């Protein structure tokens with residue numbers, strides 16, 4: 001893993017060797033085509049990060065005059081008109097930290113997000129399935145008595161967020177704005193020197209656009225030039241390949257199983273009544289934690305990180321057995337859980353998992369912090385995705401910046417992935433704003449290095465912490481690692497200032 | 001905390017560096033050494049040293065990791081300092097279409113200030129300011145510097161070439177270069193002042209495209225129309241400490257700068273104080289061998305550094321001299337309505353340049369003088 005950026009290394013590399021460090025990059029332009037349309041910012045990828053950046057640029061009076069374009073291979077109209085029944089929830093849900101939410105409020109996007117589908121939570125219960133050591137996170141130590149409990153994080157469906165950002169961008173008008181929906185990037189090359197007739201674009205990225213759907217706004221073989229090209233195009237970023245930026249990392253050999261669940265009423269109503277809790281139990285013998293995060297109307301979203309075999313097994317279960325496994329995973333011992341993961345599911349014995357659970361629960365001491373029982377799973381909501389760690393060697397290159405998953409992919413156990421992307425976007429939009437107001441070229445390395453230095457170590461720190469937690473909580477049994485991590489958790493739980501420090505760090 | 005101050009690489013405003021084809025008489029008439037050949041060693045060894053010093057740096061002028069990096073990092077602060085001067089007291093500008101003459105009264109002030117950058121070097125400041133000129137002249141100013149045009153001069157043919165080539169890399173700047181709103185002139189200030197006011201592209205190497213719009217950058221004044229071009233804003237960043245003391249004085253040079261300024265305009269510059277801390281930081285530490293030093297060796301001569309009180313005195317004297325005409329002398333009345341502004345700036349490794357009020361005597365500082373109306 002290369003965690004040092006070039007700006008970081010610069011001080012330690014002798015000047016005559018720096019050219020060697022700056023890796024050879026980019027193919028040469030092949031032919032001189034017609035003069036391309038010139039944009040200030042071209043963002044490839046219309047996910048939360050790309051749309052967030054565009055919305056932020058449109059919201060600031062300094063950057064709102066920039067000519068911007070966004071290229072998305074999917075149909076943005078579908079994302080714009082996304083709707084779902086009020087008791088149904090998408091299984092792609094993210095936990096927004098207060099600073100991410102504050103950024104969305106600042107750029108005027110939060111008001112466009114449907115609030116009935118958004119759920120704050122004020123408390124988080126985390127415990128070790130092996131030792132039972134527990135830690136609870138909330139802001140009570142930083143909040144005066146009689147004041148409302150502060151939010152730890154806010155759950156939002158990604159579709160709701162994307163739709164809100166699209167509405168925010170639409171509200172900014174369509175002057176100097178072009179959204180290429182249903183459009184793919186067929187190629188990125190450097191431009192050409194237009195000689196005496198025009199500027200020298202030989203160091204400018206030129207994108208060839210190709211329509212990928214009937215409603216595409218791109219004409220065949222249309223070309224646009226980017227003063228600054230943003231790669232918000234995910235883990236296999238084409239923009240990153242163009243800039244010749246290597247990426248390092250590994251696959252965790254784990255899958256995240258997600259589902260939308262309906263919960264039973266809790267045994268004791270929460271106090272104060274608005275209090276909602278997120279639950280996470282580490283299951284070292286099964287490969288990772290199970291987490292249940294609150295959604296409105298007593299629903300919750302499940303993220304269960306486990307081995308691909310277990311994930312396949314869970315996905316193959318009928319919904320009643322799946323629910324029994326989820327409820328068991330928050331309650332039973334590791335031994336019981338491993339046994340239940342091996343129960344064969346012949347169609348004749350539909351109820352075996354539920355029987356196992358109800359019998360075994362009677363013989364297990366149940367801690368106080370377990371979540372309410374899940375009693376229904378939304379049909380079609382069970383899915384899984386592979387867990388990976390990636391970190392690009394650099395975030396910037398001349399006229400290129402990477403944000404979100406194109407720059408970093410981390411383990412989801414702390415729910416920080418999207419927050420890191422939003423942090424990138426907040427930093428990059430401020431970097432661009434500073435550059436515009438100071439006459440700097442927004443694609444220049446001198447401009448972009450501020451973004452890189454603000455984000456690289458922060459993201460590496462949080463990604464590394466998640467990686468460390470994953471590794472620590474994958475050691476099963478009662479050995480020294482289990483003892484040490486449990487001792488650590490107990491100590492942190494009893495030292496409010498340490499806990500407060502950790503929470504502030506996690507908040508970014 | 002270790003604080004390093006540096007000034008720019010020499011290059012800007014090499015006083016004796018005149019171009020080959022310029023008549024010698026013009027230079028000597030304004031009191032500056034001028035040779036008809038490029039053999040500078042016969043006229044001034046100091047200038048020859050500085051010329052060869054920057055020549056070696058020309059190719060890496062725009063390399064963000066190169067020897068000029070520290071100068072690139074300082075550039076945004078120049079914009080901020082100019083903005084603070086304009087916020088304090090904007091020059092009285094002639095109204096543009098639809099805009100009022102007193103910019104304070106209208107919320108979005110128009111971009112109607114004409115700039116002259118003396119000793120532009122490779123164009124780090126000039127190009128960044130040119131980028132803020134709106135393509136549509138009637139649009140409100142996009143930045144607080146409110147630039148409508150930029151004329152940048154430097155006596156070095158090589159650096160002007162570097163600057164022009166780099167400007168072509170940005171289509172916006174290239175457009176301004178073609179329309180004449182942005183001009184690089186390979187000339188000295190004295191030659192610029194000696195040129196007739198109708199044309200600001202004198203000298204042996206005129207701008208590649210002297211467009212019709214160039215007349216808009218030639219300001220007009222009310223009653224006494226000067227015979228030379230005048231500007232709303234004149235900038236002089238990291239120049240005055242590179243003046244050759246054998247051929248001219250900073251005093252004379254400043255008087256010329258002020259002559260290029262319209263009444264009510266600002267002359268804004270930056271330089272380094274001649275104090276013990278600045279000697280330690282600029283000569284000993286900043287020019288130390290890699291990896292400690294951040295400035296190429298031989299960039300500065302401590303004895304040429306200028307303290308703020310000296311500069312203020314020269315500026316006042318210069319204002320009075322600039323008010324001189326053939327028949328009358330300016331005198332103290334030329335100082336009415338003038339302003340003086342000074343702000344220290346410090347380079348903190350890892351954090352970059354910071355403006356620190358009161359740190360003027362430590363090393364680098366910005367200064368500004370406003371001509372009376």
Hits in the range A:407-425 (condition: buried (at least 23 other Cβ atoms within 10 Å of the Cβ), within 14 Å of residue A:48 (Cα to Cα) and modelled with pLDDT under 95) = A:416
Of all helices (runs of 4 or more DSSP H) completely enclosed by the range A:409-508, which ones contain at least 2 residues that are more than 27 Å from the chain's Cα centre (by Cα)?
-> A:417-437, A:480-494, A:496-507
Does at least one position in the range A:211-233 carry a residue that is surrounded by fewer than 18 Cβ atoms within 10 Å (Cβ to Cβ) and either touching a helix residue (DSSP H, G or I) at 6+ places or on another chain (Cβ under 9 Å) or within 14 Å of chain B (Cβ to nearest Cβ) (or both)?
-> yes
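Which residues, taken from the range A:427-442, are more than 9 Å from chain B (Cβ to nearest Cβ) and either touching a strand residue (DSSP E or B) at 6+ places or on another chain (Cβ under 9 Å) or surrounded by fewer than 24 Cβ atoms within 10 Å (Cβ to Cβ) (or both)?
Looking only at the range A:427-442, we keep the residues that are more than 9 Å from chain B (Cβ to nearest Cβ), and these are A:427-433, A:442.
Correct list: A:427, A:428, A:430, A:431, A:432, A:433, A:442.
Before we move on, is residue B:137 in a loop (DSSP other than H, G, I, E, B) and within 12 Å of another protein chain (Cβ to nearest Cβ)? Break it down stepwise before answering.
On the way: in a loop (DSSP other than H, G, I, E, B): yes; within 12 Å of another protein chain (Cβ to nearest Cβ): no.
No.
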When every residue in the range B:164-173 that is within 21 Å of the chain's Cα centre (by Cα) and either in a loop (DSSP other than H, G, I, E, B) or free of Cβ contacts under 8 Å to residues at least 60 places away in the same chain (or both) is compared, the one farthest from residue B:116 (Cα to Cα) is B:165
The residue from A:128, A:142 that alone is surrounded by fewer than 20 Cβ atoms within 10 Å (Cβ to Cβ), touching a helix residue (DSSP H, G or I) at 6+ places or on another chain (Cβ under 9 Å), more than 14 Å from chain B (Cβ to nearest Cβ) and touching a residue at least 40 places away in the same chain (Cβ under 8 Å) is A:142
Working only within the range A:285-308, note down all residues that are surrounded by fewer than 21 Cβ atoms within 10 Å (Cβ to Cβ) and part of a helix (DSSP H, G or I).
-> A:285, A:308
Within the range A:164-200, residues being more than 14 Å from chain B (Cβ to nearest Cβ) and either touching a strand residue (DSSP E or B) at 6+ places or on another chain (Cβ under 8 Å) or surrounded by fewer than 22 Cβ atoms within 10 Å (Cβ to Cβ) (or both) number 19
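From the list A:108, A:50, A:46, exactly one residue is assigned to a helix (DSSP H, G or I) and more than 30 Å from residue A:376 (Cα to Cα). Which is it?
Details: A:108 fails: assigned to a helix (DSSP H, G or I); A:46 fails: assigned to a helix (DSSP H, G or I).
One residue alone meets the criteria, A:50.
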Counting only residues that are touching a strand residue (DSSP E or B) at 6+ places or on another chain (Cβ under 6 Å) and at the interface with chain A (Cβ under 9 Å from one of its Cβ atoms), which one in the range B:62-77 is surrounded by the most Cβ atoms within 10 Å (Cβ to Cβ)?
-> B:77
Selection count, the range A:247-284, where residues are out of contact with any strand residue (DSSP E or B) (no Cβ under 6 Å at 6 or more places or on another chain), surrounded by fewer than 17 Cβ atoms within 10 Å (Cβ to Cβ) and over 21 Å from residue A:417 (Cβ atoms) = 11
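Filtering the range B:140-163 down to residues that are assigned to a loop (DSSP other than H, G, I, E, B) and more than 9 Å from every other protein chain (Cβ to nearest Cβ), which residue is surrounded by the fewest Cβ atoms within 10 Å (Cβ to Cβ)?
Pass one, the range B:140-163, residues assigned to a loop (DSSP other than H, G, I, E, B): B:141-146, B:154-156.
Filter again for more than 9 Å from every other protein chain (Cβ to nearest Cβ), leaving B:141, B:146, B:154-156.
Values: B:141: 21, B:146: 26, B:154: 31, B:155: 30, B:156: 25.
For the range B:140-163, the residue satisfying everything is B:141.
Please pick out the residue among B:344, B:363, B:350 that is without any contact (Cβ under 8 Å) to a residue 24 or more places away in the chain, within 19 Å of residue B:72 (Cα to Cα) and either surrounded by 18 or more Cβ atoms within 10 Å (Cβ to Cβ) or under 18 Å from the mean Cα position of the chain (by Cα) (or both). Steps first, please.
Working: B:363 fails: without any contact (Cβ under 8 Å) to a residue 24 or more places away in the chain; B:350 fails: either surrounded by 18 or more Cβ atoms within 10 Å (Cβ to Cβ) or under 18 Å from the mean Cα position of the chain (by Cα) (or both).
On inspection, the qualifying residue turns out to be B:344.
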Only one of these conditions is not met by residue A:311: (1) farther than 16 Å from residue A:381 by Cβ; (2) buried (at least 19 other Cβ atoms within 10 Å of the Cβ); (3) in contact with a strand residue (DSSP E or B) (Cβ under 7 Å, 6 or more places away or on another chain). Which number is it?
-> (1)
Does residue B:272 qualify as being at pLDDT 80 or above, closer than 14 Å to residue B:362 by Cβ and surrounded by fewer than 24 Cβ atoms within 10 Å (Cβ to Cβ)?
-> no
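Output yes when any residue across the range B:215-234 is part of a helix (DSSP H, G or I), out of contact with any helix residue (DSSP H, G or I) (no Cβ under 9 Å at 6 or more places or on another chain) and either farther than 16 Å from residue B:113 by Cβ or at pLDDT 50 or above (or both), and no when none is.
Taking the range B:215-234 and keeping what is part of a helix (DSSP H, G or I), we get B:215-217.
Then drop every residue that is not out of contact with any helix residue (DSSP H, G or I) (no Cβ under 9 Å at 6 or more places or on another chain), which leaves B:215-217.
Now narrow it down to the ones that are either farther than 16 Å from residue B:113 by Cβ or at pLDDT 50 or above (or both): B:215.
Yes, there is a match, as at least one residue in the range B:215-234 is part of a helix (DSSP H, G or I), out of contact with any helix residue (DSSP H, G or I) (no Cβ under 9 Å at 6 or more places or on another chain) and either farther than 16 Å from residue B:113 by Cβ or at pLDDT 50 or above (or both).
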Closer than 25 Å to residue A:503 by Cβ, under 26 Å from the mean Cα position of the chain (by Cα) and part of a loop (DSSP other than H, G, I, E, B): does that describe residue A:149?
-> yes
When residue A:59 is run through (1) touching a residue at least 60 places away in the same chain (Cβ under 8 Å); (2) surrounded by fewer than 22 Cβ atoms within 10 Å (Cβ to Cβ); (3) under 30 Å from residue A:376 (Cα atoms), the failure sits at (3)
Can we say residue A:457 is out of contact with any helix residue (DSSP H, G or I) (no Cβ under 7 Å at 6 or more places or on another chain) and either on the phi > 0 side of the Ramachandran plot or within 14 Å of another protein chain (Cβ to nearest Cβ) (or both)?
-> yes
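The values are calculated or read from the model by the stated rules, or taken from the named source; none is laboratory data. Quantities reported herein were computed from a predicted structural model and do not represent experimental measurements. Counting neighbours? That spans all protein chains shown, and the Cβs are built from the backbone with ideal geometry, glycine included.
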